[in-house]
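Worksheet for the structure shown next.
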Amino acid sequence: MQDLSIKEKILELKTKHNALLVAHFYQRDEVVEIADLTGDSLELARKASASENPIVVFCGVGFMGQSVKILAPQKHVFMPRIACCSMARMIDDIYFDDSLKTLQEYGITEIFPITYINSNAEVKAKVARLGGLVCTSSNASKILDYALKQNKKIFFLPDKCLGQNLANANGLKWAVLGEDDRESIEKADVICYNGFCSVHQLFLPEDVDFYREKYPDILIAVHPECRFDVVAKADFVGSTSQIIRYVQSLKPEQKVAVGTEFNLVNRLRKPHNGIQNTFVLSSTKPECPTMNETTLQDVLQCFEAIDRGEPYNEIVLPRVIVNDAKKALDEMLRLS
């Protein structure tokens, strides 16, 4: 009854302030169930920024709330918790500048930077100033196609796995800055920053082998943030939204093991005739700790603060950062 009471209060305050409650697919079930809008990074950035609601309450990690504020600077964007994506923390504007300095020392000056949306606003702005773009896992292939036409070396950051997988899918050479030697970097078509998703790193080639041995007809679906040697063994590779559509299109008796965040996998399909046919592709629980920080109580406290007119985790960005980063995000949406 307590949860129901909290939900009723949230809904009442949400209606009172004409607010949009947004939740990423990796959030807790209790948060996803009450949200007006759920989706992956691209879907949420597009729809939340295009909504008529003057207030957006975003349940996710910090860079996601920033993306909405960049695309719709006139909106007030609040987050019940400004949780931090571990991958996004691996790259900041200083690390970005240091990477460019290293590339210049290697004699590489003509680059086209692409930053995964899992990065902060300052990094997006710096990428935009160099003529680069932002991408998500669902539109990365289209962004890469555009980048290849610029006839420059591509610097992909911060997720080396997504960069490697994109390069492999297009028959391009890749190397990881800080991992591979100078000669490999110089010869690479796609130079990857040495970042990664701590959750998707949990999935290993041995996990794929285990499920294929146990269930010979099983299908393997993974996120492109997974290691390239895992992606090479998969039947399907796609973003969060693409994985959802793929798995839900399968016959209910078809077994599938999914390599992405636990909360999402757990919601994909109910057991068929009492038999579970959807499995998590890991021997450990691949649960994103920061995506699981936000609770219904946090959401309620956020709305109560809004109701009192008090500051509460509002996303505020310098105008120059918003203006520059918006160019890269707007172009990303156009190409998508």
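The values are calculated or read from the model by the stated rules, or taken from the named source; none is laboratory data. Since this is a predicted model, take the numbers as computed values, not measurements. Cβ sites come from the backbone with ideal geometry, for glycine too, and all protein chains shown count toward neighbours. Side chains are part of the model used for accessible areas, which takes the heavy atoms of the whole protein and leaves out ligands, DNA and RNA. Shrake-Rupley method; radii C 1.70, N 1.55, O 1.52, S 1.80 Å.
With the cut-off at under 18 Å, measuring from each backbone N in region 68-107 to a point 7 Å along the Cα-to-Cβ line of Asp307 picks out 78-81. Proximity of backbone amide H atoms, modeled 1.01 Å from N, is registered between Tyr116 and Cys135, Leu157, Asp159 at under 5 Å, excluding neighbours fewer than 5 places apart on the same chain.
Under 5 Å between amide hydrogens, built in the peptide plane, is the criterion, and for Asn277 it picks out His272 among residues at least 5 positions away or on other chains. Compare the Cα positions of Gln66, Ala125, Leu103 along the charge dipole of region 64-125 (+1 at Cβ of Lys, Arg; -1 at Cβ of Asp, Glu; about the Cα centre) and return the one farthest towards the positive end. Farthest towards the positive end: Gln66.
Of the GluC sites (Glu not before Pro) found in region 78-143, those that fall in a DSSP loop while having at most 15 other beta-carbon atoms within 10 Å are Glu110.
Judged by the ratio a/c of the largest to the smallest principal axis of the C-alpha gyration tensor, region 108-171 counts as oblate, that ratio being 1.5 or greater while a/b is no larger than b/c.
Label-to-label distance, Asn273 versus Asn18, with points set 7 angstrom from Cα along the beta-carbon direction: 5.3 nm. Using a Förster distance of 41 Å, how high is the FRET efficiency between Gln254 and Leu333, based on the Cβ-Cβ distance and rounded to 0.05? Given R0 = 41 Å and the Cβ-Cβ separation, E is 0.75. Looking at the chain, the DSSP beta bridges with both ends there are about 5 percent antiparallel.
Counting only DSSP beta bridges with both residues in region 177-288, the antiparallel share comes to about 10 percent. For region 21-56, GluC sites (Glu not before Pro) meeting the loop criterion (DSSP other than H, G, I, E, B) and having at most 12 other Cβ atoms within 10 Å: Glu52.
Extension gain, Ala169-Gln297: 0.36 nm per intervening residue step, less the Cα-Cα distance, totals 41.7 nm.
Largest first and in whole Å, the equivalent-ellipsoid semi-axes of the chain read 32, 29, 15, each the square root of five times a Cα gyration tensor eigenvalue.
In this structure, the amide hydrogen of Glu287, modeled 1.01 Å from its nitrogen in the peptide plane, lies closer than 5 angstrom to those of Phe262, counting only residues at least 5 positions away or on a different chain.
Per-residue SASA remark: Val237, around 60 Å² accessible (1.4 Å probe; ligands, DNA and RNA not included).
Distance between the modelled labels on Lys7 and Glu287, one decimal in nanometres: 2.0 nm (7 Å Cα→Cβ projection).
For region 138-242, the set of GluC sites (Glu not before Pro) satisfying both a DSSP loop assignment and a count of at most 16 other C-beta atoms within 10 Å is given as Glu179.
Can you check what the net charge comes to around Asp189, using other residues whose Cβ is under 9 Å from the Cβ of Asp189 (Lys, Arg +1; Asp, Glu -1)? Summing Lys and Arg as +1 and Asp and Glu as -1 gives +3.
With the helix formula -39500 (n - 2.57) applied to DSSP H stretches of n ≥ 4, the chain reaches a computed 222 nm mean residue ellipticity of -13000 deg cm²/dmol. In this label model, Arg182 and Tyr146 are separated by 3.5 nm, measuring between points 7 Å along each Cα→Cβ vector.
Counting only lysines at least 8 places from Lys9 when in the same chain, those with an alpha carbon closer than 23 Å to its own are Lys75.
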